[in-house]
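Take a look at the structure below.
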Amino acid sequence: MTTRQLFVFDSPQQLSEKAAQGWIDQGNQAILDNGAFHIALSGGSTPKRLFKVMAQPTFAQQLEWSKIHIYFGDERCVPADHPDSNYKMAFDELLSHVPCPADNIHRMAGELDDPATAAHQYSQTLIDNVPLDAKAIPCFDLIFLGIGTDGHTASLFPESDALFEEHKLAVANYVEKLQSWRLTLTYPTINNAKKIIVLAEGEQKADLIHEIFTTDTHNYPIQKVIPKYGDLMWYVDKDAAKKMPN
Ligand code: 6PG
């Protein structure tokens with residue numbers, strides 16, 4: 001039975017510390033159960049604070065990084081050292097500060113000239129490294145997601161083709177509003193995770209959070225994140241929850 005829970009925190013710092021503890025708890029359980037932990041990180045700006053928290057020794061030392069495999073929910077079509085790269089942000093803020101083996105860090109090849117080739121390669125990376133269910137779909141232990149003010153998540157943007165992908169594990173997705181290609185996990189992959197944590201901060205997301213949690217609207221890509229077996233948890237700060245009823 002899947003559950004959807006909304007957790008409201010007083011500040012972005014408290015949210016990030018709780019998210020880091022959730023990462024640690026899920027990670028240690030996966031390592032205990034299966035000898036490894038497979039986690040996909042979100043991009044954008046919100047997770048930067050989480051990565052900084054996780055890089056602190058008091059948090060980082062609670063995990064056996066040699067048994068952790070890091071993936072990405074989406075990536076911009078830029079080189080790994082580009083300021084817009086989700087991988088670069090995670091590397092600078094976290095991965096360069098913890099002893100996660102380089103072979104365990106599976107970034108999307110945003111630098112490739114052909115985004116479709118990069119997406120196909122990533123699908124193969126998932127098959128080669130993430131435990132698969134009986135239908136050969138990767139089963140992440142944990143996926144972090146963000147949410148844009150237009151209700152997108154990962155790089156599943158409104159009115160984009162990737163919203164309708166029901167078989168591929170990762171795709172290249174042209175985003176009209178950005179006039180650019182993105183690489184993204186698809187709903188089949190995301191919804192197969194054991195646990196999904198959506199991180200949302202700031203009052204610019206308050207109307208969206210209110211609409212998603214208090215109305216029957218189903219307009220937004222984030223609302224197709226419905227884990228088949230796992231749990232969906234929203235970690236939001238007070239500002240993002242300010243329009244919610246008490
Ligand atoms: C990206 C992200 C994207 C992000 C949202 C929220 O590559 O931009 O993966 O889905 O999570 O756009 O971004 P902020 O955290 O910056 O609000």
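The figures follow:
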| read-out | value |
| --- | --- |
| Lys, Arg +1 and Asp, Glu -1 on Cβ, resulting dipole of the chain about Cα centre, debye, nearest 20 | 460 |
| Part-to-part distance (alpha-carbon centres) for the stretch 142-194 and the stretch 1-69, which is given in Å | 21 |
| Mean separation of Cα contacts under 8 Å (6+ apart) over length of the chain, as relative contact order % | 24 |
| Under 17 Å from the D84 label point (7 Å along Cα→beta-carbon), backbone N, the stretch 93-109 | 108-109 |
| Order of E75, E93 under a 10 Å beta carbon neighbour criterion, fewest first | E93, E75 |
| Sorted largest first, extent of the chain alpha carbons per principal axis (Å) | 46, 42, 38 |
| Residue pairs, from the table K18/K243; K67/K88; K52/K135; K48/K238, whose Cα atoms sit over 28 Å apart | K52/K135 |
| Two-site FRET efficiency, D25 against F164, from Cβ-Cβ distance with R₀ of 35 Å, rounded to 0.05 | 0.50 |
| Most mobile listed residue (F140, F51, F213) in the chain, GNM with C-alpha springs under 10 Å | F213 |
| Full-extension gain in nm, L6 to D150, via 0.36 nm per residue minus C-alpha separation | 49.9 nm |
| Share antiparallel - DSSP beta bridges, the chain, percent rounded to 5 | 30 |
| Using a Förster distance of 22 Å, the FRET efficiency for N34-Q61 (Cβ separation, nearest 0.05) | 0.55 |
| Packing rank of 154-165, 118-129, where each peptide gets the mean count of other beta carbons within 10 Å, highest leading | 154-165, 118-129 |
| Trypsin sites (Lys or Arg not before Pro) within the stretch 51-156: DSSP coil, no more than 16 neighbouring Cβ in 10 Å | K135 |
| Residue order, fewest to most beta carbons within 10 Å, for M54, M244, M89 | M244, M89, M54 |
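Computed from the coordinates by the stated procedures, all read-outs in this text should not be read as laboratory data. Bear in mind the structure is a predicted one, so any value in this text is a computation, not a measurement. Glycine gets a Cβ as well: all are built from the backbone with ideal geometry, and neighbour counts include every protein chain shown.
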